[in-house]
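Before any comments, here is the structure.
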Amino acid sequence: MQIHLAIYHPQHAGILSAALTLKADKIILLHRKEDDIAGIKSAIQSRGIQCESIEVVFDTQLAREQFAFLIETHQSEKLIFNASSGYKKLVLLGFEQFLNYGYPVFTVDKFTDELNWLGTESAFGKSTDSDLHLTHELKIQEYLKIFNTQVLDQGQKTPEPVRSRNLTQWIIEKIGVYDEAIASLNYMAMMANQSHSYELSNHEMKKNHLHEVLMQFQDVGMLTLRGRKLKFTDENTRFYCNGGWLENHVFSIIYGMRSKRSHISDVAKGMLIVRHQGKVRNELDVVAMSHNRLHIIECKTRRFSKNTDENAAASSAIYRLDTIKSLTGGLSGRAMLISYQPLNKYILSRAKDLGIYCCSHEQLKQLERHLYNFFDAPNK
C-alpha cells in the first residue's frame, strides 16, 4: 500500500493532485485542531483514496516523536512524505525524520506543476530521483471543495450556439466603433422592468450606432424593437445583452483551447459558490482548472472612467477578484480581468500589484493569444 503523509494548510494545494499522479492508496492528513478538513477529506475519498486525519502537535520534540511513530507504524508499507503543503516548522521536521529513516520525500512546485523528489533512494528499494509533471485530472468542483467552498450551481459547461457566437465576434470586431452603443445596451438591459421591457428616450432614439447595434441583436432573436419600445426575449437574453455576451465569448474560446492545452482540465461559466456553507454567494464569470491551479476570470463591459466614483468601483472589482482568488484557490490561485471598455493606468497598476492579468478593449481582438499567455505562464 502506498501511503502519503501530508500536512494540511488552508491555503496550500498539491496533496490530492500528487496522490492521483502517484496513484496513492491512502493519505494520512496531519492538521491543526482548528482546521476545517471536511472539504479536502471528502475530495480525497471521492477519488477512492483512503484518508486518515490526525491532529498535529507544534512542540518541536513532540512533533519529531509523532513523525517517528507514524514512520515506525507504517514501516512495512510504501510511506512517502508530501512536503508541498503545511506549516514551515512541521514540514522541516517531517523532512528531517523521513530522511533519517530513509523514506522518500517530495514536494510539488505550485508554479511549474512539477513533482520534485528530495531523496534519491527510498526505503522500499526504488530510486526516486526522477522528477515528473503532475497529471491534470482535478475538476473545478473538487478543487473548490479542498478549500471548503461549495458549488451551488455548476453553471454552463457547453459552448454557446453558433448564431450568438457570431454576434459576439461581430461586437469584438467593431471595438472602437460601437463602444458607446454597447454601453447603452448594457444600461437598457440593466434598467428594463420585470417584463424585460425598456422605453428609449429621445436622445437614445437619435443615436445611429445604437440603432445599428439593436438591429444586430434583434436579428439573432435577443430582443425586439418597435418604435421606442424595446423588449428582451427573456431573462437569459437580457443577461446576454447586459454583458453576458463577453462571458460567453471568453468561455467559448477556453472551451476550444482544451484540444491544444491538455493542462486545461475543466472550464465552466456562471458558477455559483458559497464559502463554508455560509450565506454570502459569489458567482464566478468564467473559471477553469489549468496546471492543477484554479484560474478565475472576471468579465466586465461597463466603462471605468477617471472620476473618483468610477475608480472606486474599479478598485472594488479588482480587490473582490483578488479576494475570491485567494479564498477559493489558495496561494496558487490565479485571476484575470477582461474588460470590453478601456482600463486606465490607475486600475492597471492596482491589478499588477495584485498579480491579476488584464486584457481590455482593443486587446480583445487578440483575446485568444492573451488567454494562452494566462494559462501557459504557471510561473507568474
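Restricting attention to region 328-380, the residues that are in contact (Cβ under 8 Å) with a residue 12 or more places away in the chain and either out of contact with any His (no Cβ under 9 Å at 6 or more places or on another chain) or not in a helix (DSSP H, G or I) (or both) add up to 35. Could you please let me know if Leu214 is in a helix (DSSP H, G or I), crowded, with 19+ Cβ neighbours inside 10 Å and out of contact with any strand residue (DSSP E or B) (no Cβ under 7 Å at 6 or more places or on another chain)? So Leu214 fails the test. Note on region 266-293: residues that are out of contact with any Gly (no Cβ under 7 Å at 6 or more places or on another chain), buried (at least 19 other Cβ atoms within 10 Å of the Cβ) and touching a residue at least 60 places away in the same chain (Cβ under 8 Å) total 10.
For the residues Phe81, Phe69, the requirement of being aromatic (Phe, Trp, Tyr), assigned to a strand (DSSP E or B) and modelled with pLDDT of 95 or more singles out Phe81. In the set (1) farther than 30 Å from Glu34 by Cβ; (2) of a type in the set (Ser, Thr, Tyr); (3) surrounded by 13 or more Cβ atoms within 10 Å (Cβ to Cβ), Thr149 fails one condition alone, (1). Of note, Ser42 does not satisfy the criterion of being in contact (Cβ under 8 Å) with a residue 60 or more places away in the chain, in contact with a Ser or Thr (Cβ under 6 Å, 6 or more places away or on another chain) and surrounded by 12 or more Cβ atoms within 10 Å (Cβ to Cβ). Checking Lys26, Lys78 one by one, the residue that is crowded, with 18+ Cβ neighbours inside 10 Å, in contact (Cβ under 8 Å) with a residue 40 or more places away in the chain and under 23 Å from Tyr101 (Cα atoms) is Lys78 and no other. Report whether or not Leu144 is under 20 Å from Arg303 (Cα atoms), in a helix (DSSP H, G or I) and either at pLDDT 90 or above or not β-branched (Val, Ile, Thr) (or both). So Leu144 fails the test. For region 221-274, the set of residues classified as part of a loop (DSSP other than H, G, I, E, B), closer than 21 Å to Glu137 by Cβ and not basic (Lys, Arg) consists of Ser259, Ser262, His263, listed by residue number.
Would you mention how many residues in region 167-224 are among the acidic types (Asp, Glu) and touching a residue at least 60 places away in the same chain (Cβ under 8 Å)?
2
The values are calculated or read from the model by the stated rules, or taken from the named source; none is laboratory data. Keep in mind that what you see is a predicted model, and the values were worked out from it rather than measured. Every residue, glycine among them, receives a Cβ derived from its backbone with ideal geometry; neighbour counts consider all protein chains shown.
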